[in-house]
Amino acid sequence: MVKIAPSLLSADFTNLEKEIIAVTEAGADMLHLDVMDGHFVPNLTFGLPIIKQICEISTLPLDVHLMVTNPAQYFVDLAKMGIRYISFHQETEFHIHRQLQTLKDLGVKAGVALNPATPVASIFPVLTDIDFVLLMSVNPGFGGQKFLPLVFDKIVNLRKQLEKIGHKIELEVDGGVNEENALTLISRGVNILVAGSYIFGSDNYKDRIENLR
């Protein structure tokens, strides 16, 4: 089943509770939260206090994407809040295997995120320790960017390796996802579609979520 994860980065922050309720009622499966530190990416978003409040509001599973240079320092606090999915960037972490095990020990789904130019082969040695992979289809840092088609080949290469080793994981794509590329992404094995401006930039969240499905 394909899961639709609206990205709160594109929501109206002055009415965040209403936005969360609206996408929940529109049929979203989970909520995607981009945590940015102004170092790994040239932007700042929400920190732990806001995430805690989102946890208190949302009835949906939360998917936290750590776009930060020191992801491990967030793990314990996020797990205590009940976050279900946590991904960190391969480009920021020297000890991927260790951090994946830390996340698993905390009882959350452990994910690795890859920038558009980072080859999927870079995580082949630890694939069996990963619960999900987040492939960025834009350069991370800002919402509303145009989808980069190069991610299609990365999906194919990753799926081939997963089939070769007989391991199943969830595959998530984030960045410029819309009704024009969703079908191709799903047909190539993506089962979590993150969409920000495509959903929140519309007057009808339900139609946009159904279009992606």
Run the numbers on the stretch 3-212 and let me know its relative contact order in percent, using alpha-carbon pairs under 8 Å that are six or more apart.
-> 21
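When the dipole is taken about the Cα centre of the stretch 13-154, and only Lys, Arg (+1) and Asp, Glu (-1) are charged at their Cβ, what size is it in debye, to the nearest 20? Could the numbers behind the result be given before it?
Details: 9 positive and 15 negative charges, 24 e Å.
Dipole magnitude for the stretch 13-154 comes out near 120 debye.
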What length, rounded to one decimal in nm, is gained on full extension from residue 13 through to residue 43, with 0.36 nm per residue of separation minus their alpha-carbon distance?
-> 9.2 nm
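Using only helices, what value at 222 nm comes out for the chain when you add -39,500 (n - 2.57) per DSSP H run of length 4 or more and divide by the total residues, to the nearest 500 deg cm²/dmol?
Values: 8 runs with 73 residues, N = 213.
About -9500 deg cm²/dmol.
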Label-point separation, residue 50 to residue 104 (7 Å along Cα→Cβ), nm = 3.3
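How many percent of DSSP beta bridges within the chain run antiparallel, rounded to 5?
Restricted to the chain, the bridges split so that about 5 percent are antiparallel.
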In nm, give the distance between the simple-model label positions of residue 124 and residue 57, each being 7 Å from the Cα along the Cα-to-Cβ direction.
-> 4.4
Relative contact order (percent, whole number), the stretch 69-120, Cα cutoff 8 Å, 6+ residue spacing | 41
Listed residues 94, 75, 132, most fluctuating in the chain (Gaussian network, C-alpha, under 10 Å) | 94
In nm, to one decimal, how far is the modelled label at residue 81 from the one at residue 95, with both set 7 Å along Cα→Cβ?
-> 2.5
Residue-wise HN-Hα coupling along the stretch 179-196, computed from phi with Karplus coefficients 6.51, -1.76, 1.60 (Hz; x: Gly, Pro) = 5, 7, 10, 4, 4, 5, 4, 5, 5, 9, x, 6, 10, 10, 9, 9, 9, x
Gain in length, residue 187 to residue 148, computed as 0.36 nm per residue apart minus the alpha-carbon separation, to one decimal in nm?
-> 12.3 nm
Where Cα atoms sit under 18 Å apart: lysine pairs in the chain separated by 8 or more or lying on different chains = 14
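Every number here is computed from the coordinates shown, using simple stated rules; none is lab data. All of these numbers come straight from a predicted model, not from anything done at the bench. When we count neighbours, we look across all protein chains shown, and the Cβ atoms used for this are built from the backbone with ideal geometry, even at glycine.
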